[in-house]
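S.K.: The structure is given below, and queries will be raised subsequently.
None of the figures in this text is laboratory data; all of them are computed from the coordinates on show. Because the structure is predicted, anything quoted here is derived from the model rather than measured. We place every Cβ from the backbone using ideal geometry, glycine too, and count neighbours over all the protein chains shown.
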Amino acid sequence: MRPVLVVYTFSVNHPGTRFTVVKRFMLMNRSAWQRNALNLLRWLGKLRFMSTRRYVFLDPDGSAGDGWLHVVVEARTGVVYQQQCGGTACRQAQAEGFLVPLFGPDGLAALRELFEKHFRGAGTWDHGWLDSERSRLREGVGMIGYWACNGSEEELTVLRLDESRIREVDEAWIPVITADGPGFLVWANSD
């Protein structure tokens with residue numbers, strides 16, 4: 001049997017996805033080509049495309065306890081994380097991106113002290129921050145480590161308060177700068 005030149009062109013154009021084209025040139029006999037084509041069709045049949053955004057509400061029933069700490073790094077992912085914040089003001093905030101679990105018990109304790117004791121859990125949306133309050137906020141955020149990874153190496157970095165968005169700061173919702181870009185530091189709201 002004589003080999004044939006096979007050119008695969010695979011493209012996906014579905015709402016909510018990026019357009020992708022993959023070309024593959026192969027020299028193979030007819031039966032191998034037919035097997036590969038059938039395998040490709042089976043694989044395509046298993047794909048599920050997300051045509052709309054997905055919403056994830058962080059700890060909607062409070063069952064995760066109050067020791068968790070995450071950052072939502074802003075990115076175009078199609079996944080929107082929602083969070084109750086603002087203490088007893090019970091605001092709802094949301095950001096599109098990816099969620100990174102963090103460990104920073106000292107930083108979390110400092111932030112909870114600031115928002116739950118100093119501000120009495122009443123929220124700080126659009127608050128006029130005093131220098132001493134801003135300093136405490138900056139210090140609390142700076143105590144929290146963030147592991148940056150480029151796919152082969154990891155590096156421990158620290159979060160920084162995004163002072164250009166200070167008006168958005170509220171209990172359990174703090175705009176920060178990570179090694180991967182801007183995001184929001186989130187934890188269990190005190191309400």
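S.K.: Treat each spin label as a single point 7 Å out from the Cα along the C-beta direction, and report the V56 to A75 distance in nm.
M.R.: Label-label distance for V56 and A75, simple model: 1.2 nm.
S.K.: Using the per-residue mean of other Cβ atoms lying within 10 Å as a proxy for protection, in what order, highest first, do the peptides 56-67, 137-148 fall? Don't skip to the end; give the middle numbers.
M.R.: Numbers: 56-67: 11.6, 137-148: 17.8.
Result, highest mean first: 137-148, 56-67.
S.K.: Here's something else I'd like to know. Quick one: Cα centre-to-centre distance for region 140-191 and region 54-74, in angstrom?
M.R.: 14 Å
S.K.: Given C-alpha coordinates of region 53-126, what is the ratio Rg to Rh with the Kirkwood estimate of Rh? The partial results should precede the final answer.
M.R.: On the way: Rg = 13.1 Å, Rh = 13.4 Å.
Ratio of gyration radius to Kirkwood radius: 0.98.
S.K.: For region 78-191, what's the relative contact order in percent, using C-alpha pairs closer than 8 Å and at least 6 residues apart?
M.R.: Details: 203 pairs, mean separation 32.0, N = 114.
Relative contact order here is 28 percent.
S.K.: Quick one: Cα convex hull volume of region 123-191, Å³ per residue?
M.R.: Numbers: hull volume 5.9 nm³, N = 69.
Enclosed volume per residue, from the Cα hull, is 85 Å³.
S.K.: Have a look at region 91-136 and give its Rg and Dmax from the Cα atoms, expressed in angstrom.
M.R.: Over region 91-136's Cα set, Rg and Dmax evaluate to 12.8, 32 Å.
S.K.: Can you give the convex hull volume per residue for the Cα atoms of region 71-191, as a whole number of Å³?
M.R.: Working: hull volume 11.4 nm³, N = 121.
It comes to 94 Å³ per residue, whole-number rounded.
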